[in-house]
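Chemist: The structure's right below; bear with me while I get my questions together.
The values are calculated or read from the model by the stated rules, or taken from the named source; none is laboratory data. Note that the structure is a prediction, hence the values are computed from the model and not measured. Positions of Cβ are generated from backbone atoms using ideal geometry, with glycine treated the same way; all protein chains shown enter the neighbour counts.
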């Protein structure tokens, strides 16, 4: 299974194994990663699973949809170049080791 | 050391348990769930999940392992029959009595069903079991070309109607009042939603009083309405609201009024007991009671409740928000529009892709957005920061609402 390396608010690092068909958000909430809320369960309605994808890696992900971009415009934490909603990130083996960082707040 | 006991392993219950740990409470926590499933997300049940029959594991709010890792003692299939505040203990159906140092009630709500004997093919949509049974009933209806009748044109009913149409079922929605979602949204939003549902082939019937269900051999066959009209039904979804689950609390003598009464810090009338989520009715500063049924409320009240259990005050004051998905229309609501005296729209009403800005006494109180995600996200920030765009500015498509946030600074 591909892994995503997730750094939470307190700097703690977790290697998240992503089962096939699962989003990064699902794996993060499943493992109870602090700071990824995912209130809407991945329906692209809440923007509480915001994360920062490492800038070196961001171009390797499929581009965000128009809906995701609109949600990202006003996320609670600072928006950065690597800002994505983790419910929209699906990874395969080619993205094994993808580093993401949890922002300081989601609400 | 007696544990903190949380009755109800849904969104609010999980939030309380996790916040307690985040706040460094290291004593025992017992999380009691009545269902056989671990904590799961309910919102997708009437939407995407109903259509795609995902693996139940994907609905999980947390994996059971993650809960155990935090030393939260999760017990499933666990029914509490009584709370004894004087002895500070709860009694379980199996006769056990569990003492508590602090108690949290996150008992949720149950679906309001129609009176009369139970019939097969009649569903509420609240639990994973409900959704699984309904998904199976959809397939049977399809095989028999039998229609779905939805009673109630609120969020749940309309989400199920949209999902059923996507699956190819014939759908009729019976609404008791004159328009859709009438308790929550303005007529202009109701009308847009009605157009979308009709365009997708849903039959909408307004001002219809349901008298009862017609059954054949224990299986529902039709819905009978006042005036004697019968709507044939292969299955029926009842979406006429929920009843806050406050029976345990009321029997224990806690103040309840259509929900367990709590203050802004999620405290009940008993100093050792807090409550959060759908089971509560929050007393506002003006004395009125506010009931919110939403994930956002469960989470925020859960955080307040955990703080209260630790003797801290963390009032829940954030502007509430909600969402609903119907076809490709994303309906997102922030704030409470009740009592508005002016409404401004922004965007394309026909498409529909617009937002309704609700004002009271010239101040913005709520925004409903249909497929206007950017407006919704902005509105959350405007309302949370007490920023009220002038109505004329809100209506002006050339005006950048975001500039108001920049002007006020972060």
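Chemist: Go through the residues of the range B:249-264 one by one and say whether even a single one is within 14 Å of chain A (Cβ to nearest Cβ), at pLDDT 95 or above and crowded, with 19+ Cβ neighbours inside 10 Å. Write out each step before concluding.
Modeler: Here is the first cut: in the range B:249-264, the ones within 14 Å of chain A (Cβ to nearest Cβ) are none.
No: zero hits.
Chemist: Only one residue in B:201, B:228 is loosely packed, with under 15 Cβ neighbours inside 10 Å, in a loop (DSSP other than H, G, I, E, B), away from chain A (no Cβ under 14 Å) and touching a helix residue (DSSP H, G or I) at 6+ places or on another chain (Cβ under 9 Å), so which one is that?
Modeler: After applying the criteria, what remains is B:201.
Chemist: Let me ask something else. Hey, could you check the range B:35-64 for residues that are part of a loop (DSSP other than H, G, I, E, B) and surrounded by fewer than 19 Cβ atoms within 10 Å (Cβ to Cβ) and say which is farthest from the other protein chains (Cβ to nearest Cβ)? Outline the logic, then answer.
Modeler: Kept after step one, since they are part of a loop (DSSP other than H, G, I, E, B), are these residues of the range B:35-64: B:35-39, B:41-42, B:47, B:53-55, B:61-63.
Okay, now just the ones that are also surrounded by fewer than 19 Cβ atoms within 10 Å (Cβ to Cβ), so B:35-37, B:53-55, B:63.
Working: B:35: 17, B:36: 19, B:37: 14, B:53: 13, B:54: 9, B:55: 8, B:63: 4 Å.
Here the answer is B:36.
Chemist: Considering each of A:9, A:4, A:75, A:53 in turn, give the residue that is more than 12 Å from every other protein chain (Cβ to nearest Cβ) and under 30 Å from residue B:318 (Cα atoms).
Modeler: Unique residue meeting the criteria: A:53.
Chemist: Let me ask you something else. What is the residue count in the range B:65-77 for residues that are at pLDDT below 95 and either within 10 Å of chain A (Cβ to nearest Cβ) or part of a strand (DSSP E or B) (or both)?
Modeler: Selection size over the range B:65-77: 5.
Chemist: Kindly establish whether residue B:20 is part of a helix (DSSP H, G or I), in contact (Cβ under 8 Å) with a residue 40 or more places away in the chain and within 14 Å of chain A (Cβ to nearest Cβ).
Modeler: yes
Chemist: In addition: With the requirement that a residue be without any contact (Cβ under 8 Å) to a residue 12 or more places away in the chain and at the interface with chain A (Cβ under 9 Å from one of its Cβ atoms), what does the range B:370-390 give you?
Modeler: Residues satisfying the conditions are B:374, B:377.
Chemist: Another question, then. Is it true that some residue in the range A:54-63 is in contact with a helix residue (DSSP H, G or I) (Cβ under 8 Å, 6 or more places away or on another chain) and closer than 26 Å to residue B:14 by Cα?
Modeler: Step one: list which residues in the range A:54-63 are in contact with a helix residue (DSSP H, G or I) (Cβ under 8 Å, 6 or more places away or on another chain), which gives A:57, A:60-61.
With closer than 26 Å to residue B:14 by Cα added as a condition, the list becomes none.
Within the range A:54-63, not a single residue is in contact with a helix residue (DSSP H, G or I) (Cβ under 8 Å, 6 or more places away or on another chain) and closer than 26 Å to residue B:14 by Cα.
Chemist: With the requirement that a residue be without any contact (Cβ under 8 Å) to a residue 24 or more places away in the chain and either at the interface with another protein chain (Cβ under 7 Å from one of its Cβ atoms) or closer than 18 Å to residue A:62 by Cα (or both), what does the range A:23-38 give you?
Modeler: Scanning the range A:23-38 gives A:29, A:30, A:31, A:32.
Chemist: Working only within the range B:344-368, note down all residues that are more than 21 Å from residue B:319 (Cβ to Cβ) and in a loop (DSSP other than H, G, I, E, B).
Modeler: Residues satisfying the conditions are B:349, B:350, B:351, B:352.
Yes or no, residue by residue, for (1) under 26 Å from residue A:40 (Cα atoms); (2) within 13 Å of chain A (Cβ to nearest Cβ); (3) crowded, with 20+ Cβ neighbours inside 10 Å:
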site	(1), (2), (3)
B:298	yes, yes, yes
B:311	no, no, no
B:320	yes, yes, no
B:327	yes, no, no
B:354	yes, no, yes
B:359	no, no, yes
B:368	yes, no, yes
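Chemist: Further, regarding this structure: Test residue A:70 against the criterion of being within 10 Å of chain B (Cβ to nearest Cβ) and either touching a strand residue (DSSP E or B) at 6+ places or on another chain (Cβ under 9 Å) or modelled with pLDDT under 95 (or both), and give yes or no.
Modeler: When the stated conditions are applied, residue A:70 passes them.
Chemist: Further question on the same structure: From the set of residues in the range B:306-332 that are within 18 Å of residue B:385 (Cβ to Cβ) and part of a loop (DSSP other than H, G, I, E, B), which is modelled with the highest pLDDT?
Modeler: This residue is B:315.
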